[in-house]
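The values are calculated or read from the model by the stated rules, or taken from the named source; none is laboratory data. Keep in mind it's a predicted model, so treat the numbers as computed, not measured. Cβ coordinates were reconstructed from backbone atoms using ideal geometry, including for glycine residues, and neighbour counts include every protein chain displayed. Side chains are part of the model used for accessible areas, which takes the heavy atoms of the whole protein and leaves out ligands, DNA and RNA. Shrake-Rupley method; radii C 1.70, N 1.55, O 1.52, S 1.80 Å.
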Amino acid sequence: MRDSRESRLLLVLLVAVAFALITVDIRSGEDSPLDTAREGAASVFGPVENAVAGAVDPVGNAVSAVRSSGDRHDRLAALERENAELRTRLGSDERRSSRDAQLDKLLRTAAAGQYGVKGAQVVAIGAAQGFSWTITIDVGARDGVQRDMTVLNGDGLVGRVTTVGSSTSTVLLATDPDFTVGTRMEGSDELGFATGRGDSWLTVELLNTKAEVKKGDRLVTFGSSNDKPFVPGVPIGEVAEVPPATGNLTRTVRVEPYVGFSRLDIVGVVVQPPRENPRDTVLPDKPGAEPTPTVTVTVGPDGRPLERGEGLEGQGGQEDELTPGAPDGPRVPDGLRAPGAPPAPDELGRGTEEVAGADALDPGTD
């Protein structure tokens, strides 16, 4: 439409009519004369509006999803980081508790043997050093560690230092086939030599072929000259198998070490030997012997054990205390054998004649 006076006049007229209709609609309220026209327009343009909305809404939703996807991704990434931090913190707490327990046990062992130790952590295992059973620890020359020092943990002997660097050291484990340490048996003081087997066991050759040795006997280190490479009194393990004695010059037994070599973490290097030989004081306390239980059995006059709650009125029954494992079960006290019952084995040969109708027999009757 061209911009002219007529077009402007028409625009003003349409605006005036619109305002007039709006005014009439507002003032009429629910009885507005325009309701009919509004309903007709809704009927005509409603389907068109729905069709347009159906075509436009997926596009709008896609645009909104694209706009919000960045926020959701950031939130998901933040939650994953929080979960990872929580898992790390939980694992760190458990690992810290385990290390605290290991360190506490190491310090108690060192105190019992009066060993001056330098605490260390295992940082590598033997693959880096070859085919030997070795570990690498995070202390070295700057920490006072020297070659041929004893290495232990809270359970007992771990090995000896073979190589020393400025901040790390290599330890040959007691299970290595090239490892040998002098041993002394608890109590009997029998001497021998423990050698690694390349597995989780040790072989100990006792110098005395007639030594009295049994399963469960415990061994400690005998010690070396100038306390290198081994200080005395460090627990080694317990005898697990005693093969029959042979005609060899030594007697060989199989020993299970105290140390779990597959789970080493916190260890200690003995940088100060004890002033006196601790001998067996570093060994753990032996478990106390359990008392042998006793059973109280109530026996009736016929020699039959009475059931729980069964009365003894008029039966003359009595209680007999027994030790489990008795060869012939409950012993019926003398004087409780019923009339007519066969004599007990210990009564045979006494020359006693049984009197019918008697309530009891006198064991002393000849």
Which of the chymotrypsin sites (Phe, Trp or Tyr not before Pro) found in the stretch 101-182 are loop residues per DSSP with 10 or fewer other Cβ atoms within 10 Å of their Cβ?
F131
Could you please put I135, I22, I125 in sequence from largest to smallest accessible area, using a 1.4 Å probe?
I125, I22, I135
Please calculate the 1.4 Å probe accessible area of K228, with all protein chains present, and give it to the nearest 10 Å².
80 Å²
Cβ-Cβ FRET estimate between R95 and R147, R0 fixed at 35 Å, reported to 0.05:
0.70
Protein chains only, probe 1.4 Å: how do V158, V17 rank by accessible area, largest first?
V17, V158
Quick one: if you stick a label point 7 Å off each Cα along the C-beta vector at T203 and D285, how many nm between them?
3.8 nm
Provide the solvent-accessible area of T168, counting protein heavy atoms only and rolling a 1.4 Å probe, rounded to the nearest 10 Å².
60 Å²
Please give me the summed charge of the neighbours of L202: other residues whose Cβ is under 15 Å from its Cβ, Lys and Arg +1, Asp and Glu -1.
-2
Placing each pseudo-label 7 Å from Cα in the direction of the beta carbon, V17 and L191 end up separated by a distance in nanometres of 12.9 nm
Treat each spin label as a single point 7 Å out from the Cα along the C-beta direction, and report the D265 to A84 distance in nm.
2.3 nm
Roughly how much of S262 is accessible, in Å² to the nearest 10, using a 1.4 Å probe?
110 Å²
In whole percent, how big is the carbon plus sulfur part of the accessible area of the stretch 98-243, probe 1.4 Å, protein atoms only?
50 percent
